[in-house]
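The values are calculated or read from the model by the stated rules, or taken from the named source; none is laboratory data. Just so you know, these numbers come straight off a predicted model, no measurement behind them. Here the Cβ is made from the backbone with ideal geometry for all residues, glycine too, and neighbour counts use every protein chain on show. Just so you know, the surface numbers come from the protein's heavy atoms only, side chains and all, with ligands and any DNA or RNA stripped out. Shrake-Rupley method; radii C 1.70, N 1.55, O 1.52, S 1.80 Å.
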Amino acid sequence: MKTNEPNKKTEQLDVHSTSNENEKLTTNQGLKINNNQDSLKAGERGPSLLEDFILREKITHFDHERIPERVVHARGSGAHGVFKLNKSLAGYTKARFLTELGKETPVFVRFSTVAGSKGSTDLARDVRGFAVKFYTDEGNYDLVANNMPVFFIQDAIKFPDLIHAVKPEPDNEIPQAASAHDTFWDFISLMPESTHMIMWLMSDRAIPRSLRMMEGFGVHSFKFINEEGKVHFVKFHFKPKLGIHSVAWNEAQIISGVDSDFHKRDLWEAIENGDYPEWDFGVQLIPEEDEHKFDFDLLDPTKIVPEEEVPVEIVGTLTLNRNPDNFFAETEQVAFHPGHIIPGIDFTNDPLLQGRLFSYTDTQLSRLGSPNFHEIPINRSINTVHNNQRDGHMRQQIVKGKTSYEPNSIGGGCPFQAMMADGGFASQQERVSGEKVRERSKSFVDHYSQAKLFYNSQSTPEKLHLQNALIFELSKVTRPEIRERMVGQLAYVDTFLAWRVAEKVGVEVKKLDWPNQSLPADSNMVELQSEEREPKTKISDALSMRHTVKDTIKTRKIGFILANGADGGALNDLKTKLEAEGAKVELIAPSLAQVRTNDGAELTPKHSLSNTASVCFDALYICSGADSVKELMIAENKNLVLHFINEAYKHCKAIYFGADTQALYHHSNVSAKQHDDPGIITWEDGKQTDKFINAIAKHRVWDLEMERNA
Ligand code: HDD
């Protein structure tokens, strides 16, 4: 029986390059084509002939190039990489990729947005998918995760409702990739269980600076089973080595216009540059007997396990180090499934997870069109596949022999089922008993205490961003009763939050009194509202992005704005220092023509002032040099360069004004700067490279946002 090849297969056998000059153009049957310019005609001005099989094959294939996009998570970016285990979890699980110290497991990761279609912007306010396929030697293990640790709903039966509510409205297909519309907030305002997730979604986590700067969470509690059969609950975490960072909402909106592929490009370029994105992989482990020791239910996917209560133990590193060769073949055709597990890992009875276990195979059948999707190179297990499954659309395996059933004697009984000792999978022998009911567990009833925990754990600027996000979203909702109902929900999280949003969206704060709303009296939501609890953990630093800032400017993009006559020495000096710290310097000039510096060097700018925008950079250096500044101040450049500076200033970025740049400084909004703004470095500061580097490493001066926008 054929062995399924590792994903290396995509590197070797299945890859064909279009740039090998010995390989001639052929039809799909391997026939060499000698004219790819003209169709076959009856006379040079005559009709095309049906006989033209080359034309027909080419057009037919083209006509069928599209497959259905994912019903959710349609827009994605993928990369290959490796997972390395630095600390064995042998006491907890028998999954070999988590027990054999130093073991390296190939992975493919696909990041995605949820609400938008395949061609939508990367910068939508949205939860991001963070799906990881581990090609382990015990079979594929998929951790189909998100960049937020909780979910909107508690039961999979609500998933189609949620997705229908957030997707463009069915009558006019508006809006694309946005939750700021009536149907989403109508649904949410009637779903108290979504409140915690809404806090995350309205936080800056929903507008990441980079896919490389996001956390990943398995969301559900899963189970680990060790060799002795002992069970632990486990929560999975990926923590980015570059820290967790976001852009400003106004910036996200501009990026969507200037470069709607911002995240995709950023990931691609980082990997091409050898700046391989890395995450620490960690686990929270809870012995099975401690299941009920928390003030929430471990099976409830709208709850986190605060890191203060169960610390995250870092055990491995995920590194992405190879871009796909072909987007469609790999990133589009990859098929994840939370049900792809291996011995040592098991599901819990989380009703959201249980429903997911049905959905993913089902959706691959309609998206990829065949039960043989596991044979597509990107989906193949590196482990040998032996079974009696046969045939179906686009079958690749050529299975030899007479038998396709078990038991058999003709085939010598092969393939035999595996003993557990041979790595055979066996589910946990969990005791299950109960009435057959269509009910929500009472232990899932508290919907606000962790929403409060999240909100209260944010820094002041983060809270402000969250409030403003809610104001933006709800102000797009045309029906006042939805806005009012939503504010009523917020009142359960924080009084000031509810009050501020209410004021801005023109409604009053009426703390919801569910029985008086138009909900059916027997709705379980009625009961839920009477529960107002305080979380055991009051503040969790891990929930605020502020506490994750790492002291690094690695891979940060610094725009150098210059024109002819710029001080070449100062430019090179700063460039060298920034690059030594791992930052990327890109030159921005009035045009793409070469720029001559004062020492006679000819530099080629990567961008012109009009083809890019400050939102594409993490920090700016306004190059020293009187002549350069003079050119930047002429009428056709002045507005562009000032807009550049003002926008970066407003978005709280670090800006370094070199010598002789007073004219630009004083004409910009920066002249109103507070003297103690650590993000503004001027000629007065002398050679303040360190100050600049420190400011970039802090990501933004969010604390001064009000002052900078005053
Ligand atoms: Fe899902 C895709 C993550 C709940 C049904 N989901 C999908 C992807 C991610 C997640 C990252 C994209 C995978 C890729 O890149 O191909 N989904 C989650 C998380 C959830 C979750 C973290 C909650 C904790 N999902 C969820 C539920 C259902 C689905 C409750 C249905 C009952 N999800 C799907 C799907 C998708 C999918 C319809 C769409 C395309 C696909 O699977 O391949 O089956």
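Using the Karplus curve 6.51 cos²θ - 1.76 cosθ + 1.60 with θ = phi - 60°, work out ³J(HN,Hα) for each residue of the stretch 217-222 in order, rounded to whole Hz, and write x for Gly and Pro.
Result, ordered by residue: 9, x, 6, 5, 7, 10 Hz.
Calculated from DSSP H runs of 4 or more alone, at -39500 (n - 2.57) each and per residue, what is the 222 nm mean residue ellipticity of the chain, nearest 500?
Helix-only estimate at 222 nm: -7500 deg cm²/dmol.
Based on the Cβ-Cβ distance of HIS64 and ASP182, what FRET efficiency does E = 1/(1 + (r/R0)^6) give at R0 = 41 Å, to the nearest 0.05?
According to the calculation, E is roughly 0.65.
Tell me, how many Å apart are the Cα centres for the stretch 588-642 and for the stretch 299-326?
Distance between centres, Cα-based: 41 Å.
Expressed in nm to one decimal, what extension gain is obtained for the pair PHE327 and ILE174 from 0.36 nm per residue of sequence separation less their Cα-Cα distance?
Result: 52.3 nm gained on full extension.
Under 14 Å from a label point 7 Å along Cα→Cβ of ASP573: give me every residue in the stretch 606-640 with its amide N that close.
623-625
In whole Å, how far is the Cα centre of the stretch 455-506 from that of the stretch 683-705?
32 Å
Out of the DSSP beta bridges found with both residues in the chain, what percent are antiparallel (nearest 5)?
75 percent
Based on the Cβ-Cβ distance of THR460 and LYS638, what FRET efficiency does E = 1/(1 + (r/R0)^6) give at R0 = 41 Å, to the nearest 0.05?
0.70
Which of the three applies to the chain, rounded, prolate or oblate, going by the alpha-carbon gyration tensor with a ≥ b ≥ c and a/c under 1.5 meaning rounded?
Verdict is oblate for the chain.
Along the charge dipole of the chain, which of SER112, VAL445, LEU190 sits closest to the positive end, that is, farthest toward it, with unit charges on the beta carbon of Lys, Arg, Asp and Glu (+1, +1, -1, -1)?
The listed residue farthest towards the positive side: SER112.
ALA42 to ASP391: extension gain in nm, 0.36 nm per residue of separation minus the Cα-Cα distance?
Answer, rounded to one decimal: 121.4 nm.
Measuring with a 1.4 Å probe in the full set of protein chains, what accessible area per residue, in whole Å², belongs to the chain?
I get 46 Å² per residue for this part.
Once you sort the root eigenvalues of the Cα gyration tensor of the stretch 562-637 as a ≥ b ≥ c, which label holds: rounded (a/c under 1.5), prolate (a/b larger than b/c) or oblate (the other case)?
Oblate is the answer for the stretch 562-637, as a/c is 1.5 or above yet b/c matches or exceeds a/b.
Take the alpha-carbon centre of the stretch 249-298, take the same for the stretch 48-117, and report the distance between them in whole Å.
Here the two parts' Cα centres lie 18 Å apart.
Where in the chain are the DSSP H helices whose alpha-carbon span along the long axis reaches 24 Å or more and whose Kyte-Doolittle mean is at least -1.0?
351-368
Quick one: length gained pulling GLU228 to LEU365 fully straight, 0.36 nm per residue minus the C-alpha distance?
Taking GLU228 through LEU365 to full extension adds about 45.6 nm, to one decimal.
Which percent of the accessible area of the chain is formed by carbon and sulfur heavy atoms (probe 1.4 angstrom)?
That share works out to 50 percent.
Using a 7 Å offset from the Cα along the Cα-to-Cβ direction at both ASP295 and LYS118, what is the distance between the two label points in nm, to one decimal?
4.8 nm
Given a Förster distance of 56 Å, report the FRET efficiency between LYS510 and ASN35 from their Cβ-Cβ distance, rounded to the nearest 0.05.
Rounded to the nearest 0.05, the efficiency is 0.15.
For the ranges 91-100, 485-494, 617-626, 403-412, what's the packing order if you count other beta-carbon atoms within 10 Å of each residue, average per peptide, and put the highest first?
Averaged packing, sorted descending, gives the order 617-626, 485-494, 91-100, 403-412.
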